[in-house]
């Protein structure tokens with residue numbers, strides 16, 4: 001499977017698993033779980049720094065080195081296009097001119113459902129400013145296509161609500177989005193366990209982005225290892241092409257002749 | 001720059017007898033009011049005063065991103081609003 005590389009904004013990646021860095025017990029656990037997941041792209045949030053706190057306070061960047069991972073700054077918590085754009089401009093400055101970003105503009109604090117109208121507007125501006133925009137969106141195929149048409153480098157529909165772990169709720173919409181897209185489609189949000197990740201990959205998704213499924217597992221490091229295998233397994237099954245389903249008609253795998261009498 | 005004095009509102013209330021020759025300059029850092037008794041303070045000195053010089057940060061100054069190379073040429077004035085951010089864990 002060495003040749004099955006995954007291309008985002010002109011760069012090849014070997015791992016199709018993208019992971020978040022939130023909700024872990026501590027930075028050490030974050031580091032171990034992410035290393036175990038094999039992920040090469042990791043999301044980070046941009047937040048106000050504490051003022052007047054401990055100078056020697058540990059930083060995420062010390063544990064997840066920028067040299068080893070591709071940082072994907074997000075706009076989590078932004079409810080308007082302006083806040084999302086401001087956040088990503090700061091992120092670009094913070095990460096020394098890094099252009100690859102995850103845009104998400106939320107519409108509601110309870111469901112964290114994306115506001116696709118604000119998302120489209122924000123994406124247009126960010127792309128004009130030279131950002132490579134990976135965009136979190138609903139599983140609406142029309143919006144997904146519009147986001148691709150305006151130049152987003154990856155479309156990231158939800159499988160179910162952020163942090164819900166409810167799995168792939170509408171595989172058919174995801175299939176429509178995948179069939180229509182010429183850029184990578186990455187399921188972002190909703191995966192709860194390894195089988196969900198396998199299903200996403202078997203549907204033909206190019207990758208899966210997850211955070212809570214790993215971080216909120218009883219053993220995050222072990223779940224990270226499980227997710228690595230799930231993504232690889234689902235991808236290989238997709239490429240292999242599954243057998244046709246035969247409803248209510250069995251077909252023996254062993255020869256029907258030569259039975260002892 | 002050695003005369004620059006940084007203190008917070010809580011501190012000022014505690015020491016009301018403390019007199020200033022001039023009214024202190026008020027600026028807002030991450031939504032918190034900070035007062036400075038100085039006529040000239042640049043972003044580089046602000047970062048040192050806030051003990052952020054060891055951290056990887058980015059600054060938005062009155063809505064504009066200021067690149068690191070321009071920190072020493074950007075001087076604060078009354079009412080300025082700054083956002084100072086870092087990367088944290090997130091999904």
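Each reported figure results from applying straightforward, stated rules to the coordinates on display, with no laboratory input. As the structure is a prediction and not an experimental result, all values here were calculated from the model. Backbone-built Cβ (ideal geometry, glycine too); neighbour counts: all protein chains shown.
Quick notes on this structure:
- Of the helices (runs of 4 or more DSSP H) lying entirely inside region A:172-261, those containing at least 3 residues that are without any contact (Cβ under 8 Å) to a residue 40 or more places away in the chain span A:194-202, A:220-240.
- Of the strands (runs of 3 or more DSSP E) entirely within region A:1-57, those holding at least 3 residues that are over 28 Å from residue A:233 (Cα atoms) occupy A:41-48.
- Whichever residue in region A:29-45 is closer than 20 Å to residue A:93 by Cα and at the interface with another protein chain (Cβ under 9 Å from one of its Cβ atoms) and, among such residues, is farthest from the chain's Cα centre (by Cα): A:45
- Selection of region A:96-112 for residues being surrounded by fewer than 22 Cβ atoms within 10 Å (Cβ to Cβ) and within 11 Å of another protein chain (Cβ to nearest Cβ) yields A:96, A:97, A:98, A:112.
- When region A:46-71 is filtered for residues that are surrounded by 15 or more Cβ atoms within 10 Å (Cβ to Cβ) and either closer than 17 Å to residue A:214 by Cα or more than 10 Å from chain B (Cβ to nearest Cβ) (or both), the ones remaining, listed by number, are A:64, A:69, A:70.
- From the options B:53, B:62, residue that is facing chain A (nearest Cβ under 9 Å) and without any contact (Cβ under 8 Å) to a residue 60 or more places away in the chain: B:53
- Test: residue in region B:81-91 that is loosely packed, with under 14 Cβ neighbours inside 10 Å, within 11 Å of chain A (Cβ to nearest Cβ), closer than 21 Å to residue A:46 by Cα and touching a helix residue (DSSP H, G or I) at 6+ places or on another chain (Cβ under 9 Å): no
- Residue A:163 over 18 Å from residue A:40 (Cα atoms), within 14 Å of chain B (Cβ to nearest Cβ), out of contact with any strand residue (DSSP E or B) (no Cβ under 9 Å at 6 or more places or on another chain) and assigned to a loop (DSSP other than H, G, I, E, B): yes
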